[in-house]
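Q: A single structure is presented below for examination.
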């Protein structure tokens with residue numbers, strides 16, 4: 001499911017005028033109450049507008065109006081969102097000018113300021129949007145009476161929980177209880193936030209709370225996970241001891257099953273089926289063996305957690321591996337750093353406790369602990385990219401001599417690869 005790369009070249013719209021340049025585009029998941037991804041909000045930056053001041057991981061990107069872009073500026077939109085609804089920002093002015101020229105109506109949710117002046121022109125254009133198949137979301141809607149026509153048409157109402165405290169949210173929900181729109185809580189960053197807004201009646205949630213589960217009180221790696229750590233240590237050796245590695249993998253039935261499923265999946269294009277772990281490793285070769293064993297371990301670690309955590313782990317691992325050559329880093333180590341960065345969310349343990357048992361170089365451990373060094377560059381760039389912190393992205397990129405076209409090419413390939421592997425790992 002590889003998406004096309006996004007270039008930084010100026011675009012020209014159908015009228016011959018220069019369109020807004022799309023420099024960066026990221027996505028943030030919107031989840032349901034079961035931690036299943038419902039859709040993605042697109043975050044955009046044209047490279048000239050100043051990004052919003054970073055407040056949290058889900059509130060840092062400039063709200064570049066997607067309707068000012070030529071439709072060729074957003075290649076592979078359906079692939080980028082995995083066919084799920086895409087929530088995109090739109091200003092009132094652009095909505096009234098060319099609301100239908102950019103995006104396909106299917107699975108596109110146009111976001112408007114919730115307290116927009118409900119002029120006859122705006123109401124008419126919203127009705128056209130709805131009639132064409134678009135869905136409508138109102139952002140930061142206060143539920144005031146004069147907005148009732150917009151509220152009645154809305155499919156979603158988004159509420160930023162940093163701007164509306166519990167008391168204000170309660171009053172707002174009372175005013176909206178007779179409406180059919182689904183309620184989306186934004187800036188849900190902790191499990192406490194999630195539990196609170198879920199209790200209040202919200203159905204959809206945007207924020208990184210699912211990556212920050214409540215940590216286990218034992219502060220110890222579960223005993224049944226130590227075999228996985230032994231496997232990680234084995235994968236650091238060059239060459240690997242395939243006999244010993246096979247024995248370790250076969251100690252865990254679940255891990256064996258997951259690894260064989262991945263090996264036999266179309267993702268890795270094996271020409272023949274394999275029936276044993278050792279034969280699989282021999283056929284794959286050391287590079288692919290390391291990757292697939294790591295994917296199987298991560299899949300096993302993530303049982304009972306949101307699949308979005310596993311997708312992010314796969315995406316980070318592949319991105320860091322692909323981009324490693326751009327800044328002189330070790331691809332296999334970068335793959336591990338990207339993957340392991342999501343282990344705390346999977347195992348509900350702190351990174352400080354995890355790295356004590358991680359068979360990695362000191363520099364890699366430092367990177368995982370959030371300390372700035374060469375080994376942390378790619379992971380830090382991707383975290384900033386996904387949170388819409390474009391300024392830091394550019395600083396990191398320029399300091400390491402990379403170009404954003406190269407990084408975005410790696411990123412879009414990683415997105416497609418992660419989607420395919422996740423499907424194979426299920």
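The values are calculated or read from the model by the stated rules, or taken from the named source; none is laboratory data. Note that the coordinates shown come from a computational prediction; the quantities given were computed from them, not determined experimentally. Counting neighbours? That spans all protein chains shown, and the Cβs are built from the backbone with ideal geometry, glycine included.
Q: crowded, with 16+ Cβ neighbours inside 10 Å, in a loop (DSSP other than H, G, I, E, B) and touching a residue at least 40 places away in the same chain (Cβ under 8 Å): does that describe residue 189? Spell out how you get there, then give the answer.
A: Values: crowded, with 16+ Cβ neighbours inside 10 Å: yes; in a loop (DSSP other than H, G, I, E, B): yes; touching a residue at least 40 places away in the same chain (Cβ under 8 Å): yes.
Yes; evaluated as a whole, the condition is true for this residue.
Q: Right, something else. Do you know which residues across the range 393-407 are under 22 Å from residue 208 (Cβ atoms) and in contact (Cβ under 8 Å) with a residue 60 or more places away in the chain?
A: 393, 407
Q: Please note which helices (runs of 4 or more DSSP H) are completely contained in the range 349-419 and include at least 3 residues that are touching a helix residue (DSSP H, G or I) at 6+ places or on another chain (Cβ under 8 Å) and surrounded by fewer than 21 Cβ atoms within 10 Å (Cβ to Cβ). Quick ask: steps written out before the conclusion?
A: Numbers: elements: 351-355, 362-368, 377-386, 390-400.
Passing ranges, in order: 351-355, 362-368, 390-400.
Q: Then there's this: State yes or no: is residue 184 outside any loop (DSSP other than H, G, I, E, B), more than 30 Å from residue 352 (Cβ to Cβ) and within 22 Å of the chain's Cα centre (by Cα)?
A: Judged against the criteria, residue 184 is a match.
One line per residue, one yes/no per condition, for (1) closer than 23 Å to residue 233 by Cβ; (2) more than 23 Å from the chain's Cα centre (by Cα); (3) at pLDDT below 90:
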residue: 344; (1), (2), (3): yes, no, no
residue: 348; (1), (2), (3): yes, no, yes
residue: 353; (1), (2), (3): yes, yes, yes
residue: 363; (1), (2), (3): yes, yes, no
residue: 367; (1), (2), (3): yes, no, no
residue: 385; (1), (2), (3): no, no, no
residue: 400; (1), (2), (3): no, yes, no
residue: 404; (1), (2), (3): no, no, yes
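Q: Sort out which residues of the range 404-426 are out of contact with any strand residue (DSSP E or B) (no Cβ under 8 Å at 6 or more places or on another chain) and more than 18 Å from residue 331 (Cα to Cα), and write them in order of number.
A: Listed by number, the residues that qualify are 405, 416, 419, 420, 421, 422, 423, 424, 425, 426.
Q: On to the next question. Do we find that residue 210 is touching a helix residue (DSSP H, G or I) at 6+ places or on another chain (Cβ under 9 Å), more than 30 Å from residue 286 (Cβ to Cβ) and not in a loop (DSSP other than H, G, I, E, B) in this structure? Steps first, answer last, please.
A: Working: touching a helix residue (DSSP H, G or I) at 6+ places or on another chain (Cβ under 9 Å): yes; more than 30 Å from residue 286 (Cβ to Cβ): yes; not in a loop (DSSP other than H, G, I, E, B): yes.
Criteria met by residue 210.
Q: Of 100, 121, which residue is part of a loop (DSSP other than H, G, I, E, B) and modelled with pLDDT under 90? Even if it seems obvious, please write down each step before you answer.
A: Numbers: 121 fails: part of a loop (DSSP other than H, G, I, E, B).
Only one candidate qualifies: 100.
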